[in-house]
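Structure, as C-alpha cells:
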Amino acid sequence: MSTTPKRINVRLNARAIETAAGQSVGAVLMSEGIMAWRTTRKEGKPRGLFCGIGACYDCLITVNGQPNQRACIVEACDSMSIEGDFDA
C-alpha cells in the first residue's frame with residue numbers, strides 16, 4: 001500500500017501547480033507561500049486564513065468563477081481554478 005498522496009493540478013491566477021489531493025483551497029495557497037489573497041474594502045488590509053474552520057469569512061476567494069467561497073472549507077479538486085488578490 002502506497003503512502004504517497006494522490007496529486008492533482010490546480011490553477012492559481014492562471015499559473016498551474018501540482019499539489020496533494022484532499023487539501024482545502026486555503027491549505028494549497030499556504031503551501032505555495034501565499035498567506036493573504038484578498039484585502040479589506042476600506043483600508044486594503046490583507047486577509048487569508050483566520051479561524052480555519054469556516055466560522056468567519058476572512059478567507060473568501062473565487063473558485064471556478066464562483067466568488068465568496070471560504071478557502072478553509074472548499075476542497076481543492078483536479079483542474080480547479082483559484083483566483084485571488086495574490087501573485088501566483
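The values are calculated or read from the model by the stated rules, or taken from the named source; none is laboratory data. In this text, all values refer to a predicted model and were calculated from it rather than measured experimentally. Here Cβ is always computed from backbone atoms with ideal geometry, including for glycine, and neighbour counts include all displayed protein chains. For accessibility, only protein heavy atoms count, side chains too; no ligands or nucleic acids. Shrake-Rupley method; radii C 1.70, N 1.55, O 1.52, S 1.80 Å.
Things to note:
- Search result, residues across segment 20-39 that are within 16 Å of Val74 (Cα to Cα) and either loosely packed, with under 14 Cβ neighbours inside 10 Å or of a type in the set (D, E, K, R) (or both): Ala21, Gly22, Ser31
- The set of residues from segment 21-56 being in contact with a Lys or Arg (Cβ under 7 Å, 6 or more places away or on another chain) and outside any strand (DSSP E or B) comprises Ala21, Ala36, Thr40, Gly54.
- Residue that is open to solvent by less than 40 Å² (accessible area, probe 1.4 Å) and not basic (Lys, Arg), where the choices are Ile17, Ile53, Ile73: Ile17
- Residues located in segment 57-76, provided they are assigned to a loop (DSSP other than H, G, I, E, B) and over 23 Å from Lys45 (Cβ atoms): Asn64, Gly65, Ala76
- Residues of segment 1-14 classified as polar (S, T, N, Q) and either open to solvent by less than 60 Å² (accessible area, probe 1.4 Å) or closer than 22 Å to Ser79 by Cα (or both), total: 3
- Inspection of segment 14-35 finds a residue satisfying the criterion of being of a type in the set (D, E, K, R) and touching a residue at least 24 places away in the same chain (Cβ under 8 Å).
- For first residues located in segment 41-52 and within 17 Å of Gln69 (Cα to Cα), partners that are in a strand (DSSP E or B) and β-branched (Val, Ile, Thr) and lie 6+ apart or on another chain with Cβ distances below 9 Å form the pairs Pro46/Thr39; Arg47/Thr39.
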